Amino acid sequence: MSDRHLLDNPVWASLTGPHARFAERYGNALRYPDDVSPFFALPGEPGPADWNDLAALAGPGAIVPVTGGALAPPDGWEVVAQGAGVQLTGDDVIPAPDEEAVRLGPADVPEMLDLVARTQPGPFRPRTVEMGTYLGIRRDGALVAMAGERLHPPGWTEISAVCTDPAYRRQGLASRLVPAVAAGIRARGETPFLHAAASNTSAIRVYEGLGFHLRRRTTFATVRVPADVPVA
């Protein structure tokens with residue numbers, strides 16, 4: 001199988017690969033610690049026993065984001081929400097370090113969480129910064145834009161949390177930060193990729209202008225664990 005197929009189930013590939021240090025596991029179900037990322041994963045073609053493992057790992061009634069092959073839950077599992085998404089790969093992205101971009105770390109997390117809360121780029125938790133390199137741009141000392149690394153299948157790194165304070169949009173900050181993050185990814189000999197909501201056409205146009213190309217359409221989904229699912 002080509003390594004590109006790792007992107008069909010990127011959470012699983014991350015937690016069984018470069019992000020194994022984060023993995024919490026029950027049988028064939030994996031998850032990140034809740035304060036790192038909300039994502040869970042199952043094998044590419046999960047069976048009933050795998051879903052039972054997920055139930056045991058998450059707990060009865062838990063709301064679970066699922067990806068990869070785990071988008072068809074068994075009877076009794078409620079699909080709480082789902083939406084159309086796209087996965088883009090950055091084979092043609094030209095890496096470009098940015099002199100104004102600064103490395104963000106644990107001390108910056110309160111500002112990062114505040115920026116995420118105001119811009120809603122996707123899940124970001126107090127320890128998400130530990131998943132990879134995050135870069136930001138400050139103006140008058142305040143964090144106004146950021147982007148960083150999230151999922152990490154072997155040979156690939158996802159660019160995520162791309163966001164800009166509304167007062168500083170239309171200044172091209174995201175278009176500078178994404179290639180700056182990509183520069184670090186390329187320096188490791190890896191390829192960047194990212195996800196976006198299919199409805200976010202303006203962001204997709206920006207990413208395509210930077211050299212990203214559509215690899216596949218996907219579905220973002222969350223499911224609820226049944227209260228009475230049998231667990232081992």
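The values are calculated or read from the model by the stated rules, or taken from the named source; none is laboratory data. Remember, predicted model here, so these are calculated numbers, not experimental data. Note that we place each Cβ from the backbone using ideal geometry, even for glycine, and neighbour counts take in every protein chain shown. Heavy atoms of the whole protein, side chains included, go into the accessibility calculation; ligands, DNA and RNA do not. Shrake-Rupley method; radii C 1.70, N 1.55, O 1.52, S 1.80 Å.
Assorted remarks:
- Estimated 222 nm signal from helices in the chain, with DSSP H stretches of n ≥ 4 weighted -39500 (n - 2.57), rounded to 500: -6500 deg cm²/dmol
- Rounded FRET efficiency, nearest 0.05, which uses the C-beta distance separating residue 140 from residue 217 and R0 of 45 Å: 0.65
- In Hz, Karplus ³J(HN,Hα) per residue of the range 87-99 (6.51, -1.76, 1.60; θ = phi - 60°; x = Gly, Pro): 10, 10, 10, x, 4, 9, 5, 8, x, 8, x, 10, 5
- Residue with peak Gaussian network fluctuation, the chain [Cα springs, cutoff 10 Å], from 207, 26, 168: 168
- Per-residue 3J(HN,Hα) values for the range 211-221, derived from phi via the Karplus relation 6.51 cos²θ - 1.76 cosθ + 1.60 with θ = phi - 60°, read x, 7, 10, 4, 9, 7, 8, 9, 10, 8, 9 Hz in sequence order (x marks Gly and Pro).
- Cα-centre dipole for the range 72-146 with unit charges at Cβ (Lys and Arg positive, Asp and Glu negative), debye to 20: 220 debye
- Model label sites at residue 81 and residue 208, defined 7 Å from Cα along the beta-carbon direction, differ in position by 2.6 nm.
- Computing FRET efficiency as 1/(1 + (r/R0)^6) for residue 103 and residue 171, where r is the C-beta to C-beta distance and R0 is 22 Å, gives about 0.60.
- Taking the accessible area of the chain, probe 1.4 Å, and keeping the other protein chains in place, the carbon and sulfur fraction comes to 52%.
- Formal net charge of residues neighbouring residue 97 (Cβ-Cβ distance under 12 Å; K, R +1; D, E -1): 0
- In the range 171-232, the trypsin sites (Lys or Arg not before Pro) that fall in loop regions by DSSP, at most 13 other Cβ within 10 Å: 188
- Cα long-axis angle, helix 48-58 against the chain (0 to 90 degrees, to the nearest 10): 60 degrees
- Placing dummy labels 7 Å off each Cα toward the beta-carbon, the span from residue 199 to residue 24 is 3.0 nm.
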